[in-house]
1. Please go through segment 105-151 and pick out each residue that is open to solvent by 60 Å² or more (accessible area, probe 1.4 Å) and charged (D, E, K, R).
2. May I ask you to verify whether Gly195 is touching a helix residue (DSSP H, G or I) at 6+ places or on another chain (Cβ under 6 Å), within 16 Å of ligand 2 (Cβ to nearest atom) and under 15 Å from Asp58 (Cβ atoms)?
3. Against the definition (open to solvent by 50 Å² or more (accessible area, probe 1.4 Å) and within 25 Å of the chain's Cα centre (by Cα)), how does Leu403 come out, yes or no?
4. Consider segment 174-207. How many of its residues are open to solvent by less than 30 Å² (accessible area, probe 1.4 Å), in contact (Cβ under 8 Å) with a residue 40 or more places away in the chain and outside any loop (DSSP other than H, G, I, E, B)?
5. For segment 84-104, give me the residue count where each residue is open to solvent by 20 Å² or more (accessible area, probe 1.4 Å), within 12 Å of ligand 3 (Cβ to nearest atom) and either at pLDDT 95 or above or in contact with a Phe, Trp or Tyr (Cβ under 8 Å, 6 or more places away or on another chain) (or both).
6. Quick one: Asp166 ticks every box in (1) under 20 Å from Glu60 (Cα atoms); (2) more than 16 Å from ligand 3 (Cβ to nearest atom); (3) in contact with a Phe, Trp or Tyr (Cβ under 6 Å, 6 or more places away or on another chain) except a single one, so which number is it?
7. Show the residue pairs meeting these rules: Cβ distance below 7 Å; 6+ apart or different chains; first residue within segment 269-290 and within 21 Å of Gln53 (Cβ to Cβ) and hydrophobic (A, V, I, L, M, F, W, C); second residue more than 16 Å from ligand 2 (Cβ to nearest atom) and assigned to a helix (DSSP H, G or I).
Amino acid sequence: MSENRTFDLTQAPPVEEPARQYYYMEKLRGLVADQSKELGRPLTASVVTFGCQMNARDSEKLKGILREAGYQEGSEEDADFVIYNTCTVRENANNKVYGRLGQAQSRKRNHPWMKIALCGCMMQEPEEVEKIKKSYRFVNLVFGTHNIYKFAELLARTFDEKMVVDVWKETDQIVENLPVERKYAFKSGVNIMFGCNNFCSYCIVPYVRGRERSRRPEEIIAEIKKLADDGVTEIMLLGQNVNSYGRGLPQEISFAQLLRQVEAVPGIRRIRFMTSHPKDLSRELIETMAASDKICRHLHLPLQSGSSRILKRMNRKYDKEQYLRLVEDIRRAMPDIALTTDIIVGFPGETEEDFLETMDVVRRVEYDSAFTFLYSKRSGTPAASFEDQVPEDVAKDRFDRLLALVQEIGRKKAKALESSEAVALVEEKNAQDPAMVTGRLDNNSVVHLKGSEADIGHYIPVRLAECRGFYYIGERLS
Ligand code: SAH
Ligand code: SF4
Ligand code: F3S
């Protein structure tokens with residue numbers, strides 16, 4: 001996905017994108033080569049990712065640019081350049097970054113040429129950037145989520161300036177056709193939209209990722225075609241709320257229509273997507289999924305709370321009954337679908353009764369798995385100023401009860417598929433056992449089976465011989 005153009009570096013950089021960034025990548029190649037000559041070895045870089053799939057995909061873009069610039073991949077512990085791609089969705093995500101920065105600082109003391117960059121969602125918060133400018137002067141580069149495409153240009157500046165800080169409040173720009181380095185050869189995330197307009201009252205994402213904007217379907221399909229030509233067979237379409245895809249585009253298109261276009265791309269065998277907001281999940285989407293043999297039988301449908309009163313305070317725009325009805329519709333159309341969810345415990349004002357409503361929904365829906373979170377107060381969000389914050393010990397107690405229930409149901413659901421047959425896409429070698437490989441089923445469950453590196457990227461029919469908690473040991477059927 002890179003452009004091999006050459007530029008006259010004595011001339012001013014082009015103004016238009018992405019040409020301007022390719023000019024800076026070429027410039028970086030010279031700067032990196034000079035430094036590596038001095039050191040007598042190649043320069044290495046490491047991108048450390050926190051947070052969600054969006055950040056993981058952004059990190060692949062950063063890695064693509066680093067590769068073009070001439071860096072080799074290194075590890076966080078010894079790289080010449082470390083980039084922290086941060087998340088700020090909960091307080092503990094921020095704390096983790098500061099811990100790691102401290103470690104990087106002590107290494108930089110002995111390796112003065114080392115560079116450190118910070119980017120991602122946490123950098124969209126002005127207080128954090130101020131803190132870094134004041135107390136973390138050893139950081140070379142700070143940028144945000146909106147100008148990530150300018151990474152090459154900003155990095156080039158760090159060769160002349162001590163600290164480069166460039167964070168934008170907002171953007172409506174989408175820059176296409178920059179290099180990307182994928183983690184897996186056979187599967188890839190594809191952004192279909194950026195930002196979020198939902199403003200759930202607890203959530204920082206709309207403030208740090210900006211307003212919702214969709215990529216044009218032609219660009220998405222062109223990217224997927226290129227990926228398919230490159231050997232990718234599984235695609236994960238990414239957006240904070242994929243169900244509202246297409247709003248605001250010159251030619252309106254629904255998410256279900258986009259899915260049908262993706263299905264038609266030769267070579268694509270599995271299609272996944274994240275995340276679906278229950279309020280926007282359409283009948284058309286359910287029908288499209290049910291009619292498809294490529295769209296995976298898995299839906300991540302964040303519940304957040306089972307109490308209609310709390311859902312209202314969360315600004316989720318559905319209530320308990322609507323959610324349960326939606327699940328019923330989905331299950332009627334696809335009885336074998338795996339459902340997973342996100343749940344927040346201890347949202348301000350949550351009473352024991354509210355919490356029991358959440359437990360009730362979990363029992364009724366029987367999720368295959370669920371991410372459970374303790375509510376974390378994010379300054380600037382409406383919920384941060386709600387008065388009736390739940391005491392920590394009460395929230396923790398509810399969290400433990402919910403987790404126990406979620407796990408009990410998850411085990412039961414996994415066990416029910418024991419002995420059945422399925423197809424695994426093998427993703428990697430098994431970390432513990434060199435004679436085994438690890439794959440994923442259509443429903444997103446993990447299966448370990450006998451195999452070798454040669455199986456990676458292949459679809460292998462298996463019998464789910466043994467269920468061990470939430471995963472399986474599979475026997476190959478071919
Ligand atoms: N766009 C996605 C989720 C983005 S954040 C969606 O709407 O589903 C991922 C999850 O983090 C959310 O689903 C929510 O459960 C959790 N989360 C977000 N803000 C939180 C907060 N302040 N405290 C605890 N959990 C939070
Ligand atoms: Fe956050 Fe809600 Fe947007 Fe998801 S839909 S990113 S939870 S504001
Ligand atoms: Fe975190 Fe940003 Fe994702 S805040 S959850 S990395 S969108």
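1. Arg109, Glu127, Glu130, Lys131, Lys133, Lys134, Arg137
2. Working: touching a helix residue (DSSP H, G or I) at 6+ places or on another chain (Cβ under 6 Å): yes; within 16 Å of ligand 2 (Cβ to nearest atom): yes; under 15 Å from Asp58 (Cβ atoms): yes.
Yes.
3. Working: open to solvent by 50 Å² or more (accessible area, probe 1.4 Å): yes; within 25 Å of the chain's Cα centre (by Cα): yes.
Yes, satisfied.
4. Of the residues in segment 174-207, 6 are open to solvent by less than 30 Å² (accessible area, probe 1.4 Å), in contact (Cβ under 8 Å) with a residue 40 or more places away in the chain and outside any loop (DSSP other than H, G, I, E, B).
5. 3
6. (1)
7. Filtered contacts from segment 269-290: Ile271/Leu259; Ile271/Val262; Ile271/Glu263; Leu285/Ala256.
Yes/no per residue for (1) within 16 Å of ligand 3 (Cβ to nearest atom); (2) among the hydrophobic types (A, V, I, L, M, F, W, C):
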residue	(1), (2)
Cys196	yes, yes
Tyr202	yes, no
Ile235	no, yes
Asn243	no, no
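The values are calculated or read from the model by the stated rules, or taken from the named source; none is laboratory data. For clarity, every value in this text was computed on a predicted model and none was experimentally measured. Glycine also receives a Cβ, built like all others from the backbone with ideal geometry; neighbour counts cover every protein chain displayed. Remember, those area values only see protein heavy atoms, side chains included, never the ligands or the DNA or RNA. Shrake-Rupley method; radii C 1.70, N 1.55, O 1.52, S 1.80 Å.
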